[in-house]
Amino acid sequence: MNTYVVLLALLGVVVLFTAWLPMLLKDFPLSLPMICIAFGTLFVWTPLSTIVGSNPLDSRYMTEKVTEFAVIISLMGAGLKIDRPLGWRSWMTTWRLLAISMPLTIAAIAALGWSILGLGLASALLLGSALAPTDPVLASDVQVGPPQSGEDGEVRFSLTSEAGLNDGLSFPFVHLAIALALATQAGNPWLQNWLLFDVLWRLGAGVCLGWLTGKLLGILTFRLPKRAKLARTGDGFVALGITCLSYGLIEMAHGYGFVGVFVTALTLRAAERGSDYHTNLHDFAEQIERLLMMVVLVCFGAAIAEGTVFRAFDWRVAAVALTIIFFVRPAAGWLGLIGSPIPGREKAVIAIFGIRGLGSFYYMAYATGHAAFAKTDVLWATVSLVVLVSIILHGIVVTPVMRRLDRRQNSVATAL
């Protein structure tokens, strides 16, 4: 049987699922990512698995590039749909989660990796850096709605903005893990180069070039004469061009493209905040994001059923993964929000609903391609289990919890 034809048919099934399943699952405690993983698992048990290969995640390079593209598309969509203007006070919950909760999460996970999994410093830090960021791709059920939809409660806004920024802000810690791994092998000095280049330059370039790109694209899209402005086309696929252009330019300047793409989206949105064209851009980005997410998670399900990804699984991996999900993230999130005026119930939701996903896969693939880390099989097993349990937990719990929270907020707003 022709492998290409089989893959084409499977892609058709995935595309149809992308359009149909979100509508079907809207009122059920199930999520599209859960169905994707189940589909990939079932696929391995069919005769077709011998044709296309049983573990699609065997290629580190392909895993890195596909997840990278999915994340940047998701970051563009997240930035475009945030209605709230960027500000110190209005984004205070986000700053707390980034400045307090994320470093605490990295440190706690690294300590678990060192003490329980027996990882070295570099590998433990990589585990913390890969699992600390919340995932923008899989968090659609807890994020704000499309541009100008009004779904901008503090919980949804905080989880959207956090996911938009912490994927990029965890990159310095990933590079620190890479620097430590390389220093262990070669014994070269690393601290000064890491501080000056991986922290200051890369972050600065990501923010500044992201803002500049957003400003220039805002002029092209909304400020030119009517016949020439880009918004007049009404084409949503422009979002793809904006994402690739922004990411490519920033990465060529050795900046953090994840940070830059999100800043570009925020800046573009601010250029003409009330334009309906943002909805077109967001909707197209969301469709591409959902398709890529389904492809990756179907492959993840196949890798789980094939068994290679959990080759190093034991009770220690399970203990660390469950501790990360049920204790580390909730505790770090809650500590970061101490003193915040947000009601306790909403703090709890923000602290608990930090899903892990494609970003964690990307960081693992990226880091292991730049340096040799000890016990990579243990790292992959732990990351995969955290992502799997996180997807299942969020898929079951998120819909009823967010529905109840939205209902409560609507009743309060009506009373006022």
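The values are calculated or read from the model by the stated rules, or taken from the named source; none is laboratory data. No experiment lies behind these values; they were computed from the predicted model shown. Neighbour counts run over all protein chains shown; Cβ positions are idealised from the backbone, glycine included. Quick note on the areas: whole protein, heavy atoms, side chains included, nothing else; ligands and nucleic acids left out. Shrake-Rupley method; radii C 1.70, N 1.55, O 1.52, S 1.80 Å.
One residue stands out in the range 66-90 among those that are part of a helix (DSSP H, G or I), hydrophobic (A, V, I, L, M, F, W, C) and open to solvent by 10 Å² or more (accessible area, probe 1.4 Å): the one that is nearest to L159 (Cα to Cα), namely F69. Just give me the residues in the range 91-109 being more than 13 Å from L165 (Cβ to Cβ) and either open to solvent by 20 Å² or more (accessible area, probe 1.4 Å) or at pLDDT below 95 (or both), in sequence order. Those that are more than 13 Å from L165 (Cβ to Cβ) and either open to solvent by 20 Å² or more (accessible area, probe 1.4 Å) or at pLDDT below 95 (or both): M92, I100, P103, L104, A107, A108.
Of the residues making up the range 118-157, those that are open to solvent by 10 Å² or more (accessible area, probe 1.4 Å) and either modelled with pLDDT of 95 or more or assigned to a helix (DSSP H, G or I) (or both) are L121, A122, L125, S140, D141, E154, R156. Across the range 271-314, the number of residues qualifying as of a type in the set (D, E), closer than 29 Å to M102 by Cβ and part of a helix (DSSP H, G or I) comes to 2.
On the basis of being closer than 23 Å to I392 by Cβ and at pLDDT 75 or above, does V44 make the cut? Yes, satisfied.
Per-residue answers, yes or no, for (1) at pLDDT 90 or above; (2) open to solvent by 30 Å² or more (accessible area, probe 1.4 Å); (3) outside any helix (DSSP H, G or I); (4) among the charged types (D, E, K, R):
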{"site": "G210", "(1), (2), (3), (4)": "yes, no, no, no"}
{"site": "T221", "(1), (2), (3), (4)": "no, no, no, no"}
{"site": "D235", "(1), (2), (3), (4)": "no, yes, yes, yes"}
{"site": "G241", "(1), (2), (3), (4)": "yes, yes, no, no"}
{"site": "E251", "(1), (2), (3), (4)": "yes, yes, no, yes"}
{"site": "G255", "(1), (2), (3), (4)": "yes, no, yes, no"}
{"site": "G260", "(1), (2), (3), (4)": "yes, no, no, no"}
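If I ask for residues that are among the β-branched types (V, I, T), open to solvent by less than 70 Å² (accessible area, probe 1.4 Å) and at pLDDT below 90, which ones from the range 371-416 would you list? Matches in the range 371-416: V397, V398, T399, V401.
For the range 74-100, what are the residues that are of a type in the set (D, E, K, R) and either over 14 Å from L266 (Cα atoms) or touching a strand residue (DSSP E or B) at 6+ places or on another chain (Cβ under 6 Å) (or both)? Scanning the range 74-100 gives R89, R96. For the range 288-324, the set of residues classified as open to solvent by 10 Å² or more (accessible area, probe 1.4 Å) and in contact with a Cys (Cβ under 6 Å, 6 or more places away or on another chain) consists of V298 only. Filtering the range 239-275 to residues that are touching a helix residue (DSSP H, G or I) at 6+ places or on another chain (Cβ under 9 Å) and of a type in the set (D, E, K, R) leaves E251, R269, E272.
The number of residues in the range 171-195 being over 26 Å from the mean Cα position of the chain (by Cα), in a helix (DSSP H, G or I) and not β-branched (V, I, T) comes to 7.
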